Amino acid sequence: MSSEARRVGGPLTTRPFLTLAAIFAVAAALILWRLVAGLGATTALSDAYPWGLWIAFDVVTGTALACGGYAMAILVYVLNKGRYHPMVRSAILTSALGYTIAGLSVVLDIGRPWLAWKIPLFFWKWNLHSALLEVALCIMSYMVVLWIELSPAFLERAAEGKGTIAGASRKILPILEKALIWIIALGMLLPTMHQSSLGSLMLLTGPKLHPLWQTPLLPLLFLVSCIAMGFAAVVFESALSSHLFRRRPETEMLAGLARAVIPVLGVFFVLRLADVAWRGQLARAFAFDRYALAFWVETALFVAGLAMLANRSRLRDLGHLFRTAMIIMLGGGLYRFNTYLVAYRPGDDVSYFPSVPEFTITLGLVALEILAYAVIVKSFPILSGAPRAAAER
Amino acid sequence: MSLDRRSLLRSLATAGAAAVAVEGTAQARVRPMAPADALGLLYDTSLCIGCKACVVACREANGTKPETSNSPGGIWDAPMDLDGQTKTVIKLYKSPDGIQRSYFKAQCMHCVDPACTNACMLGALKKKEHGIVSYDPSLCVGCRYCQMACPFNVPKFEWAKAAPKIVKCELCRERAKGQPAVDGSGFTRYPKGQGPACAEVCPRSAVIAGTRAELLAEARRRIASHPGRYKGFREDDPPKIFGETDGGGTQVLYLSHVAFEKLRLPNLSDQPVPEVQQTIQHGIYQGFAAPILLYGLLGAAVFRNRRAAGEKPEKGGES
Ligand code: SF4
Ligand code: SF4
Ligand code: SF4
């Protein structure tokens, strides 16, 4: 067996499980309604605001929060920090789930989803100028890559027993381990491409995007922010799951990860402000409108995140780590949300606020993600670190 | 033990420097030109009387249903703007003091270098014969990136339908069956019933059809022979033909006796809207060479660092 990860075990249908399932059930009903009645009847989207909550939050923010697997892979395989390896697998799981949910959201959001299969297959029709095509193809492939990266966890579980499946799993595992190098490399290449392209996407909106956000640096800012958010998400998820599943928290390692965020977030922050100043747009930050407000909330979150990270002695406090990670996720998330929604200005007398079904479906998909996470870590060897009971013994 | 922050910083700095270097060396892409037979419209606000014959003709030519939901009792065709069933609309501009007035006709501008065709994944929106920006629903997934991208907010979506399409003016290309010929007044025209319907019915020739070159010549002639009639983008600017260079140029052109900014046209530079994005993307990707190179480097790094990463540790060899 090639990993020190253990499954959590325990009953699956707990009370929180049932609550989350109920939330998802409501969302599922609304999803059906959306597919039958169309986008106009179920969402607040309009010709002025063709992209709303689902794109700005579920896809653009969601995939960045799901960059834990990407960030950890850079740390372990490029920067050669092997000691973080035990945390890679759970990061990959969160990424796989996050990207899968984002993919689901896209299917709900596009108006003609029954033609989506043409995107990967009609290669002779590919418009190679389209940043969205690149994002779509990369995200589709990355989803596959993530589940392959995770497959050893499923195979290890399958290999536990006797019988043909177990035997086959034992045979496949070592072969997979070898092939995984090129999969892991793909798992770093694809997010580098599509996370930066998520920034490039909005370049095409030109003057419709507020100048505090519209910049040729969008691809770089999106790339750097997703790495910071990825690390923060790993810290957040790991702190939370060690608490919920009563496992020994990897505080040392989490503190190390938090320290890794400092330069990334620092670079982002400097780039962001220098860019606004360099383009001579700083005055707009003092314009007393909702754009300036959005800009300052975003900036305040980054400052708060950096300040909390700078408090080195407290980085060993799990609660502090958790709160710090949350602030960074919020800041990065807001930067993306602003770029895709708040700072998008299609005209003077139009506005958008998500409808109840839009909110509910987003909530339901998050519930589904947590559900799937719980089921998978309970059933398969994902989390490292011993159960707390064993550690205290 | 602290994570080696310097090495992380170093890699980030290298990545940033590489990105900047790439952006610096990237050549601005070759700007697309309008084809010689590019068809378009010229709309002149000073001639329009707001009769909306064009709106009706557009409906008949394209089989779109009247938009009556805004009128009392739902009896008049009164679209508020372009929408999922309206490919052209006549709007009224009135200055706050009510003295200055102008009608304004909106429809797709058929940009020379359109943002929408750059956005569209499978080329459902594409410049086809005569530079007409055409729509093929069989390649459209309904992502609505074209709507996000178009600086004129032209493409509209059939929000009320479960199987929606994008709706926008395609210069009546479906009507054209015969070959265009040059008529007596020197304009390229289709036989009756086959060209842009809005231009065909206009009683004042406020909107006329022709090739882009013919329309530009006519617009210049009008500006020259009516000093003081036409305006620029702002009130005090010299007269201009909107669309000659704006956003890289458009095949639909406007002349106006009211500053264009009041008609809510966007203030675009001469740079095509997609240019920044395309320059950066092509710079970063260098064809596809950069991703392939990066993939090789990443593969090598994984190969080198994988053993150290404890992929095959002793059991319990964590600490
Ligand atoms: S006006 Fe908009 S829809 Fe028409 S060609 Fe230009 S970008 Fe495309
Ligand atoms: S909505 Fe359709 S036409 Fe518009 S960009 Fe998407 S695929 Fe292309
Ligand atoms: S050219 Fe045809 S489709 Fe376009 S506005 Fe005129 S009548 Fe309508």
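The values are calculated or read from the model by the stated rules, or taken from the named source; none is laboratory data. Predicted model only: the values in this text are computed from it and were never measured. Don't worry about glycine lacking a Cβ; one is built from the backbone with ideal geometry, like all the others, and counts go over all protein chains shown. What goes into the accessible areas is simple: the full protein's heavy atoms, side chains included, and nothing from ligands, DNA or RNA. Shrake-Rupley method; radii C 1.70, N 1.55, O 1.52, S 1.80 Å.
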To the nearest 10 Å², what's A:Val375's accessible area with a 1.4 Å probe?
50
Rounded to 10°, Cα long-axis angle of helix B:212-225 versus longest principal axis of chain B:
60
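For B:Gln286 and A:Leu293, what does the FRET efficiency come to when R0 = 56 Å and r is the distance between their Cβ atoms, rounded to the nearest 0.05? All intermediate terms of the calculation are to be shown ahead of the outcome.
Working: r = 40 Å, r/R0 = 0.71.
E between B:Gln286 and A:Leu293, to the nearest 0.05, is 0.90.
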To the nearest 100 Å², how much accessible surface do chains B and A hide from each other in total, with a 1.4 Å probe?
7100
XL table B:Lys52/B:Lys192; A:Lys125/B:Lys262; B:Lys165/B:Lys192; A:Lys81/A:Lys178; B:Lys192/B:Lys262; B:Lys105/B:Lys192; Cα-Cα > 31 Å flagged, in table order, is A:Lys125/B:Lys262; B:Lys192/B:Lys262
Derived scalar couplings ³J(HN,Hα) [segment B:282-295; Karplus, 6.51 cos²θ - 1.76 cosθ + 1.60; whole Hz; x for Gly, Pro]:
5, x, 5, 8, 6, x, 10, 5, 4, x, 5, 4, 4, 4
Pull out a ≥ b ≥ c, the square roots of the eigenvalues of the alpha-carbon gyration tensor of segment A:261-383, then state rounded if a/c is under 1.5, prolate if not and a/b is larger than b/c, and oblate in the remaining case.
oblate
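Give the calculated FRET efficiency between B:Lys192 and A:Leu282 to the nearest 0.05, with a Förster radius of 60 Å applied to their Cβ-Cβ distance.
Details: r = 59 Å, r/R0 = 0.98.
It comes out at approximately 0.55.
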Which value, to two decimals, describes the C-alpha radius of gyration of segment A:49-205 once divided by 2.2 N^0.38 Å?
1.16
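Rounded to the nearest whole Å², what accessible area per residue is found for chain B with the 1.4 Å probe?
47
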Find the cysteines in the protein assembly as shown that fail to meet the 4.7 Å Cβ criterion with every other cysteine, and list them.
A:Cys138, B:Cys48, B:Cys51, B:Cys58, B:Cys111, B:Cys120, B:Cys140, B:Cys143, B:Cys150, B:Cys172, B:Cys202
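For chain B, calculate the relative contact order in percent as a whole number, restricting contacts to Cα pairs under 8 Å that are 6 or more residues apart.
Working: 514 pairs, mean separation 70.6, N = 319.
After rounding, I find 22 percent.
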Nearest 10 degrees is fine. How inclined is helix A:290-310 to the longest principal axis of chain A, computing both from alpha carbons?
30
Indicate the residues belonging to segment B:93-127 that lose 40 Å² or more of solvent-accessible heavy-atom surface (probe 1.4 Å) upon moving from the chain alone to the assembly of all protein chains, ignoring ligands and nucleic acids.
B:Asn118, B:Met121, B:Leu122
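Provide the convex hull volume over Cα atoms per residue for segment A:231-286, in Å³.
Here the figure is 82 Å³ per residue.
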Return one quarter of the surface area of the convex hull spanned by the alpha-carbon atoms of the protein assembly as shown, equal to its mean projected area, in nm².
34.7
Provide, as a two-decimal number, the C-alpha radius of gyration of segment B:175-318 over 2.2 N^0.38 Å, N being how many residues it has.
1.95
Just to be sure I understand the interface: list residues from segment A:258-290 that lose 30 Å² or more of accessible area between the chain on its own and the complete protein assembly, 1.4 Å probe.
A:Arg259, A:Pro263, A:Val267
Given a cut-off of 23 Å, what percent of all Cα-Cα pairs of segment A:1-121 lie beyond it?
51
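With every protein chain present, what is the per residue accessible area of chain A (1.4 Å probe, Å²)? Don't skip to the answer; put the middle values down first.
Details: 15160 Å² over 393 residues.
The answer is 39 Å² per residue.
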If you take the Cα Rg of chain A and divide it by 2.2 N^0.38 Å, with N the number of residues, what do you get?
1.00
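Could you work out the equivalent-ellipsoid semi-axes for segment B:201-264, taking the square root of 5 times each eigenvalue of the Cα gyration tensor, largest first, in whole Å? If you can, show how the numbers build up before the last one.
On the way: eigenvalues 64, 41, 29 Å².
Value: 18, 14, 12 Å, ordered largest first.
Of all the accessible heavy-atom surface of the protein assembly as shown, with the other protein chains kept in place and a 1.4 Å probe, what percent is carbon and sulfur? Mind dumping the intermediate values first?
Numbers: 19640 of 30160 Å².
On the protein assembly as shown, the fraction of accessible area on carbon and sulfur atoms equals 65 percent.
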Report the gain in length on full extension from A:Leu128 to A:Arg345: 0.36 nm times residue separation, minus Cα-Cα distance, nm rounded to one decimal.
75.4 nm
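Grab the DSSP H runs of chain B that are 4 residues or longer, score each as -39,500 (n - 2.57), total them, divide by all residues and round the 222 nm result to the nearest 500 deg cm²/dmol.
On the way: 8 runs with 88 residues, N = 319.
Calculated from helices alone, the mean residue ellipticity at 222 nm is -8500 deg cm²/dmol.
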Strictly greater than 23 Å: what percent of every Cα pair in chain B meets that?
65
